[in-house]
Structure formats: C-alpha cells, structure tokens
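**Q** First the structure, which I've put down as structure tokens, then a few questions once you've had a look.
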C-alpha cells in the first residue's frame, strides 16, 4: 500500500507555499484532487495522486534544490503584500522556479536568506530542534553594557517570552556604539531587535551572515546562487 501524506504537506513539498498557506488554499476551494475540489484540510493522498492548485497540476517528484540570496534592506519576505510594497520575489531572477523562503528577514534587515523548492527542506531547516545556528552581524547605537550581552548566553525572558541562549562576540566598541556578532538557534519574530530595544539601545544595522553550514560570503545584494544540497545536508529529505 502506498504511503499517504496530508495534501497540505504535499503542496508545501512541491514548493508552492507553506503548509499553513496550503491549508488556507484548501479552505478557499482552490485545491483539487483527481479533478474534484478538495473540501477537507486533513485529506491525505499519495505522491502519485493528481493534485491541482488553481487548476495547475503540481509536480511532486522533483529534484531537491536550494539557493542562497543576499536580501537588501527595504524588501518584504513574502509572496504578496496587500499594501503593494516591494517583496524579494519582485527581485528574483525570472528563470528561477517557484521557491519558498527558509524563515524570514524583516523589512529593515539584510543578508543571507535561503530559498528552496521544497517545503519539507524549509521546515527541516527552520525547526529549532534541528539546531541550525543563525549568525548575524549587528551594529548597535547606545551606551553598550558588555556584561548584559555576555549574559545572553544564559537566555533571557522579555515580557513573558523566553529567548534561548545567544552567543555574542564584540567585534568593535566605541563610547556610544558597537559592532557585534550574535549566534542563535531559534530565530523568533524580531528576536534580536526586541532584545536590543529591551536593553535601551537601537539597532542601526542587522545583517544575517550565516545559517547552519551556509555562509553569505561575497554574495552581492540581490544576487542568487544555487547550492548543492548534499554538500551541506546529508539527511534524507
């Protein structure tokens, strides 16, 4: 008997969108199985089932692909913005297949963003339990207290939200500013900005320079480079 999966997972694995978005597409009646509109989110199917999204057949058996992208400031990490603001997808090469992002970088952040055609790979890289370190270079304005930064290795609780251990290296420090490197594994929403603000300082620049074994390197702004998945990740995905 063929193994079955939730249809939302199959759609995500095909690189169409995230699982959450796929569930929304199902609820909106935009997904078909064997040419019949799907009405149940928990519905399961095999990789050989005919699945269509907006009447377009999705390809379930495909080569796993991964890219790194140097995101500039002033671009949203989303497929669509109701306010009409520019997104990273407006900048990506036209010959790139449909991809999803591994996590996000906020509007005013820049640097390394991973792209993939597999929702399964994206989820694997995002889950904190898999311990992929996110590395950032952060420029801070304010009277910097080194002890507070060093204590982040023990984690911190801010307004009821627990942030796990963060390793901080001081690269440069002046009277009212500092350039630091921060390593964390969670990547909660605006985590670094919230912590720096909690200390009474201001983030002047936030750039992601590493994600797991992948480094930003010399990649230029808006440049995309395909990577060999097996070179970085040996797990059967």
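**Q** Using a Gaussian network model on the chain with a 10 Å cutoff between Cα atoms, which of 124, 211, 80 fluctuates the most?
**A** 80
**Q** Using Cα-Cα distances under 8 Å and only pairs 6 or more residues apart, what relative contact order does the chain have, in percent? Please list the in-between numbers first.
**A** Numbers: 460 pairs, mean separation 49.1, N = 237.
That works out to 21 percent.
**Q** Considering the chain as a Gaussian network with a 10 Å cut-off on Cα pairs, which listed residue, 133, 209, 144, attains the greatest mean-square fluctuation?
**A** 144
**Q** Could you work out how far the C-alpha centroid of the range 1-78 sits from that of the range 115-188, in angstrom?
**A** 31 Å
**Q** Sum -39500 (n - 2.57) across every DSSP H segment of at least 4 residues in the chain, then divide by the residue count to get the 222 nm mean residue ellipticity, nearest 500. Before the final figure, lay out the partial values.
**A** Values: 6 runs with 41 residues, N = 237.
After summing the helix terms and dividing by residue count, I get -4500 deg cm²/dmol.
**Q** In addition: Treat the count of other C-beta atoms within 10 Å as a stand-in for reagent exposure and order 228, 205, 153 from fewest to most.
**A** Numbers: 228 9, 205 16, 153 12.
Sorted ascending by nearby Cβ count, the order is 228, 153, 205.
**Q** In percent, how large is the relative contact order of the range 5-57, given Cα pairs closer than 8 Å and 6 or more residues apart?
**A** Values: 71 pairs, mean separation 19.1, N = 53.
Result for the range 5-57 is 36 percent.
**Q** If you compute Rg/Rh (Cα atoms, Kirkwood Rh) for the structure shown, which of (i) 0.93; (ii) 1.02; (iii) 0.95 do you land on?
**A** Here the calculated entry is (ii).
**Q** Which three extents, in angstrom, do the Cα atoms of the range 133-211 have along their principal axes, listed largest first?
**A** 30, 27, 18
**Q** Separate question: Given contacts defined as C-alpha pairs under 8 Å and at least six residues apart, what's the relative contact order of the range 133-211, whole-number percent?
**A** Working: 151 pairs, mean separation 37.2, N = 79.
In percent, rounded to a whole number, it is 47.
**Q** Of the candidates 42, 72, 128, which one comes out as most mobile in a Gaussian network treatment of the chain with C-alpha springs shorter than 10 Å?
**A** Most flexible of the set in this elastic network: 42.
Throughout, read-outs are computed from the coordinates displayed, never taken from laboratory work. Only a predicted model underlies this, so the values are computations on that prediction, with no experimental measurement involved. For neighbour counting, all protein chains shown are included, and Cβ atoms are generated from backbone atoms with ideal geometry for every residue, glycine included.
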